[in-house]
Amino acid sequence: MDNIAGTKSTLTWVTHISVVILVALWVFPTLGLFVSSFRTTDQIASSGWWKSLFPSEQTMTLRTASPDTQVQEGPLFVIEGNLLDEGQDATIHSWGISSRAVDAFVPGEVAELRKGGTITVMANGRYRMEHSAAFIGSRGQRVFLGTTVAPEFTLNNYRNILFDPDNIEGMSQAFFSTLTVTIPATIIPILVAAFAAYALAWMEFPGRALLVAAIVALLVVPLQLALIPLLKLHLGIGIGKGYMGVWLAHTGFGLPLAIYLLRNYMVGLPRDIIENARVDGATEYQIFTRIILPLSFPALASFAIFQFLWTWNDLLVAKVFLVDATGETTVMTQKLVELLGTRGGNWEILATSAFISIAVPLAVFFTLQRYLVRGLLAGSVK
Amino acid sequence: MLARLLNHTALFELRGTIMHPALQGLSIIIFGVTACVAYFALSNQILDKVLFPPRGPHAGRNINRANLVRPWLFLCPALCAVGVYLAYPVVETLRLSLTERVPGGGIQWVGLDNYIQMSKEPKFWEALRNNMLWLLVVPAGATGFGLLAAQLTDRIRWGNVAKSLIFMPMAISFVGASVIWKLVYDVRPADQDQIGIFNAIYMFMGGEAPLTWLTMPVWNNFFLMLVLIWIQTGFAMVILSAALRGIPEETVEAAIVDGASPMQIFFKIKVPQIKTTILVVWTTITITVLKVFDIVFTMTNGQWETQVLANYMFDKLFRANDWGVGSAAAIVIMILVLPILVWNVRNARKEMR
């Protein structure tokens, strides 16, 4: 069907190229952050991250060692050393000793110094100055290097932000806070919702249709409406701001979607299984725990992923119900917002912190994408 | 790492009363799960064994009664939670929006004063205008790109990889996405290398001075919207791609036989058949847009004319500490959501029948 009308090859090419462009557009921003998190402060500030992936051309202005380090070798006075720092992965392709001709020589060539004597620079940065008389002056000779610097990445940012206990801007505590919020807030609603979903799917009782409609309605109620009344309620009954409050809030807010997803899934389970079990004398509780729950695993997994991503990524609920003045319960999203305020220009900190906070959801996303897609389809297309 | 953790625990023990949050979390999981299971198991037991045992002279009547009560046992925890955390707040917010806090405690009925006060604030109208812009641009953009991506990736071999990558931003938090895009929009002085890709391209194309994308009124709104479009396109793509696959092959084949061009096939054969799905995607994204808070809060905090309703409301609540106007703003968001809510409920009821 594809090769009808002879336009196949052009059309296929156009499709492939368009998809490549589309994917590039969608991946580039994240990639930029990812690459930046492995660069040093100077590197980030001096060039765009996309340049760091390729060897870069740099012109360096350096000085040789000063004349007091000269040694006498027979008739010659010699200064030797290396212009490049230890471990610097750069190759010199040209050099010069005058600012008017910075690339006058190639490595290995010998240049005449203005004050007498000669200098030669090797590709690895080693240099040798020779003169029949002693070198004078207090400063070394200025040398211009045209270098090709290999891409260089560092893990230091991650070391600082995750594992340095003295770094008060570190993310490790916030990471644990986020984890502490997320796990109970994912598990508890599943259980509560599963029972309700079963009742709405397979039990006959008056008002069932109305309840389903109400759940659908609550699905879209903006969170914003719940903030003040619930904060008032929490403060009133003594929960205050803290983990308990945020767990309860996430549970409440997650339930409509959980019930809706699970009910849609359970309704689709074969009627025979349930009726047979009923005929065999199984109680509703047994049917639910032994048959429905195991069969609904895909739907449970879908919702668990949704809820996990949503609670992990949430800022508003945590801000309102959890984070207090002590800052000990700061979650990662909140921490990122603070860093944007205080460290707006320090991209090595921002990029690394942001990447730490999105790494876990991304890992979950890529490993469990199947369930996520299934859940999305069950949740919105009908 | 482990030593660090232990240290932490020791620290909390020193302070005595506070339990380490991780332990607290663990115990709440255990407690919550046990409580749930115990509730369901016990209440069912009591119902079957104590209240209405299916034995004795009234066995038949008892079974019927038990079956009348049981659904509500299953529903009770969920209904209570949803009632307290979603239904009650809607009513309470409505009430709060019509009242005012009196200094020294207590609240006072003020009628529509909060709404009137709000309507006199230019920031509110700015937020409303921007929300309308968001409502027009983001669902259209995300659905459009999503449809494009779905159609293009449908028939190529590495389509699934491409889809996965376009879908990826869905997993990233709005805050994380904001940081990502702040780097894209970054500005350096004109004499330095630009590290934000937008300005790098702009300067490469011959721009005179780098632009501060996020502080140019009206346009900056679109740069914020771009972030949400970037996030939501994957969602639209996944759903629309499933819908495209559901289109009967015969209709497309018939069109090809009749000599329709690929464009005609797409717009005249495929799109009309997935119209409902497009609508569903559009409304779902619309809901997300109405609630958009994190992106604006993180990137501009409503400065430079980028205010939106959700952020306006947050501002009123927690900075101005004005619960009345804050609630009124929340009600405005609710009113904007209402048509979609009604439409969703009507659709759901149609399916139930």
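Which value in nm describes the separation of the simple spin-label points at residue B:190 and residue A:343, placed 7 Å from the Cα toward the beta carbon?
About 3.2 nm, to one decimal.
Calculated from DSSP H runs of 4 or more alone, at -39500 (n - 2.57) each and per residue, what is the 222 nm mean residue ellipticity of chain B, nearest 500?
One gets -22500 deg cm²/dmol as the mean residue ellipticity at 222 nm.
With springs connecting C-alpha atoms under 10 Å apart, model chain A as a Gaussian network and identify which of A:115, A:232, A:241 has the largest mean-square fluctuation.
A:115
May I ask you to derive the relative contact order of chain A, considering only C-alpha pairs under 8 Å and at least 6 residues apart, and to give it as an integer percent? Intermediate values should be presented prior to the final figure.
Values: 484 pairs, mean separation 72.7, N = 382.
Reported as a whole number, the value is 19 percent.
Test of understanding: extend the Cα→C-beta vector of residue B:347 to 7 Å, then name every residue of segment B:126-148 with backbone N under 19 Å from that spot.
Output list for this probe position: B:135-148.
How large is the dipole of segment B:85-221 about the Cα centre if only Lys and Arg carry +1 and Asp and Glu carry -1, each at its Cβ, rounded to the nearest 20 debye? Kindly include the intermediate steps, with their values, before the conclusion.
Details: 10 positive and 10 negative charges, 86 e Å.
Here the size comes out at about 420 debye.
Highest first, please rank the peptides A:66-75, A:169-178, A:269-278 by the mean number of other Cβ atoms sitting within 10 Å of their residues. Spell out each step's value before the answer.
Numbers: A:66-75: 11.5, A:169-178: 21.3, A:269-278: 13.4.
With the highest mean Cβ count within 10 Å placed first, the list reads A:169-178, A:269-278, A:66-75.
Using Cα centres only, tell me the gap between segment A:87-153 and segment A:347-365 in whole Å.
Cα centres, segment A:87-153 to segment A:347-365: 43 Å.
Calculated from DSSP H runs of 4 or more alone, at -39500 (n - 2.57) each and per residue, what is the 222 nm mean residue ellipticity of chain A, nearest 500? It would help to have the intermediate numbers written out before the result.
Details: 12 runs with 199 residues, N = 382.
The helix contribution divided over chain A gives -17500 deg cm²/dmol.
Mind checking which of B:32, A:27, A:13 is farthest towards the positive end of the protein assembly as shown's charge dipole, using Cβ charges of +1 (Lys, Arg) and -1 (Asp, Glu) about the Cα centre?
It is B:32.
How fast does segment B:126-262 diffuse by Stokes-Einstein, in µm²/s, taking the Kirkwood radius from C-alpha pairs at 10 °C and 1.306 mPa s?
Numbers: Rh = 17.4 Å.
In µm²/s, the coefficient is 91.
Please report how far the C-alpha centroid of segment B:298-353 lies from that of segment A:23-84, rounded to the nearest whole angstrom.
About 51 Å separates the Cα centre of segment B:298-353 from the one of segment A:23-84.
Normalised by the number of residues in segment B:67-175, what is the relative contact order in percent for Cα pairs under 8 Å and 6+ residues apart?
On the way: 31 pairs, mean separation 10.8, N = 109.
Worked out over segment B:67-175, it gives 10 percent.
Can you run phi through the Karplus equation (6.51, -1.76, 1.60; θ = phi - 60°) for segment A:102-115 and list ³J(HN,Hα) in whole Hz, with x for Gly and Pro?
6, 10, 5, 10, 9, x, x, 6, 10, 10, 7, 7, 5, 8
Note down the net charge around residue A:315, summing +1 for each Lys or Arg and -1 for each Asp or Glu among other residues with Cβ under 11 Å from its Cβ.
On the way: positive: A:319, A:335; negative: A:314, B:294.
Charge balance in the 11 Å sphere: 0.
Dipole of the protein assembly as shown (Lys/Arg Cβ +1, Asp/Glu Cβ -1, origin at the Cα centre): which of A:201, A:96, A:227 lies farthest to the positive side?
The listed residue farthest towards the positive side: A:201.
Among B:259, A:281, B:236, flag the residue with its Cα farthest along the positive direction of the charge dipole of the protein assembly as shown, charges on Cβ as +1 for Lys/Arg and -1 for Asp/Glu.
Farthest towards the positive pole: A:281.
Kindly write out, for segment A:61-75 in residue order, the coupling ³J(HN,Hα) from the Karplus curve 6.51 cos²θ - 1.76 cosθ + 1.60 (θ = phi - 60°), rounded to whole Hz, with x marking Gly and Pro.
10, 9, 10, 6, 5, 6, x, 5, 8, 5, 10, 9, 10, x, x
Which links in A:335/B:120; B:316/B:350; A:51/A:319; B:120/B:291; B:163/B:316; A:232/B:123 stretch past 31 Å when you go from one Cα to the other?
Numbers: A:335/B:120 35 Å; B:316/B:350 40 Å; A:51/A:319 38 Å; B:120/B:291 23 Å; B:163/B:316 40 Å; A:232/B:123 26 Å.
Exceeds cut-off: A:335/B:120; B:316/B:350; A:51/A:319; B:163/B:316.
Tilt of helix A:8-36 relative to the longest C-alpha principal axis of chain A, in degrees (0 to 90, nearest 10)?
80
Give the whole-number value, in cubic angstrom per residue, of the convex hull volume spanned by the C-alpha atoms of chain B.
Details: hull volume 109.8 nm³, N = 353.
In chain B, the Cα hull volume divided by residue count equals 311 Å³.
Around residue A:81, which amide H atoms from residues at least 5 apart in sequence, or from another chain, sit under 5 Å from its own amide H, with H modelled in the peptide plane?
A:127
In degrees from 0 to 90, rounded to the nearest 10, what is the angle of the helix A:243-267 Cα long axis to the longest principal axis of chain A?
Between helix and principal axis, roughly 60 degrees.
Ordered by packing density, taken as the mean number of other Cβ atoms within 10 Å over each peptide's residues, highest first, how do A:199-205, A:11-17, B:26-32 rank?
Values: A:199-205: 19.3, A:11-17: 13.6, B:26-32: 15.1.
The most tightly packed comes first, giving A:199-205, B:26-32, A:11-17.
Tell me which DSSP H helices of chain B clear both cut-offs, 20 Å or more of axial length from alpha-carbon atoms and a mean Kyte-Doolittle hydropathy of at least -1.0. Mind dumping the intermediate values first?
Numbers: long enough: B:21-45 (35 Å, 1.28); B:59-82 (34 Å, 0.61); B:122-154 (47 Å, 0.55); B:219-245 (37 Å, 1.47); B:275-290 (22 Å, 1.54); B:323-352 (40 Å, 1.10).
Once both thresholds are applied, what remains is B:21-45, B:59-82, B:122-154, B:219-245, B:275-290, B:323-352.
Rounding to the nearest 10 and keeping the result within 0 to 90°, find how far the Cα-based axis of helix A:347-380 lies from the longest principal axis of chain A.
Value to nearest ten degrees: 30.
Based on the Cα coordinates of segment A:278-372, what is the per residue volume of their convex hull in Å³? Mind dumping the intermediate values first?
Values: hull volume 12.4 nm³, N = 95.
Residue-normalised Cα hull volume stands at 130 Å³.
Counting only residues 5 or more places away or on other chains, whose amide H sits under 5 Å from the amide H of residue B:107 once H atoms are built in the peptide plane?
It is B:102, by chain and number.
Taking the Cα centre of the protein assembly as shown as origin, sum charge times position over the Cβ atoms of Lys and Arg (+1) and Asp and Glu (-1), and report the length of that vector in debye to the nearest 20. Mind dumping the intermediate values first?
Working: 53 positive and 48 negative charges, 523 e Å.
Dipole about the Cα centre, nearest 20: 2520 debye.
Using only Cα atoms, locate the centre of segment B:156-190 and the centre of segment A:208-282, then give the distance between them in Å, rounded to an integer.
32
Just to be sure I follow: if Rg is taken over the C-alpha atoms of segment B:185-246 and Rh is the Kirkwood radius over the same atoms, what is Rg/Rh? Show your work: numbers first, answer last.
On the way: Rg = 16.6 Å, Rh = 13.7 Å.
In segment B:185-246, Rg relative to Rh is 1.21.
Quick check for me: using +1 on Lys/Arg Cβ and -1 on Asp/Glu Cβ, what's the dipole size of segment A:250-382 about its Cα centre, in debye to the nearest 20?
Working: 10 positive and 9 negative charges, 71 e Å.
In total the dipole reaches around 340 debye.
Got a number for carbon plus sulfur as a percent of chain B's accessible area, 1.4 Å probe?
Looking at chain B in its full context, I get 67 percent from C and S.
Decide, for segment A:1-139, between rounded, prolate and oblate: order the square roots of the alpha carbon gyration tensor eigenvalues as a ≥ b ≥ c, take rounded if a/c falls under 1.5, and otherwise choose prolate if a/b is larger than b/c, else oblate.
prolate
Residue B:99's amide H: which non-local residues (gap 5+, or another chain) put their own amide H closer than 5 Å, with H modeled 1.01 Å from N in plane and none for Pro or chain starts?
Here the answer is B:110, since their amide H atoms fall under 5 Å of that of residue B:99.
Ranking request for peptides A:42-50, A:347-355: highest mean number of other beta-carbon atoms within 10 Å first, then the rest in descending order.
Working: A:42-50: 18.4, A:347-355: 25.8.
In decreasing order of mean packing, A:42-50, A:347-355 become A:347-355, A:42-50.
Looking at the square roots a ≥ b ≥ c of the eigenvalues of the Cα gyration tensor of the protein assembly as shown, which shape do they give, rounded for a/c under 1.5, prolate if a/b is larger than b/c, or oblate?
prolate
Quick one: grab the alpha carbon gyration tensor of segment B:135-185, order the square roots of its eigenvalues as a ≥ b ≥ c, and give me rounded if a/c is under 1.5, else prolate or oblate depending on whether a/b is larger than b/c. Walk me through the numbers before you get to the answer.
Details: a/c = 2.73, a/b = 1.46, b/c = 1.88.
Oblate is the answer for segment B:135-185, as a/c is 1.5 or above yet b/c matches or exceeds a/b.
How high is the relative contact order of chain B, in percent, with contacts defined as C-alpha pairs under 8 Å that are six or more residues apart?
Details: 347 pairs, mean separation 72.2, N = 353.
Once normalised by length, the contact order is 20 percent.
At 7 Å along the Cα-to-beta-carbon direction for both residue B:26 and residue A:363, put a label point, then send me their distance in nm to one decimal.
Inter-label distance under the simple model: 1.9 nm.
The values are calculated or read from the model by the stated rules, or taken from the named source; none is laboratory data. Computed from a predicted structure; not experimentally measured. Cβ coordinates were reconstructed from backbone atoms using ideal geometry, including for glycine residues, and neighbour counts include every protein chain displayed. Just the protein is used for accessible areas: all its heavy atoms, side chains included, with ligands, DNA and RNA removed. Shrake-Rupley method; radii C 1.70, N 1.55, O 1.52, S 1.80 Å.
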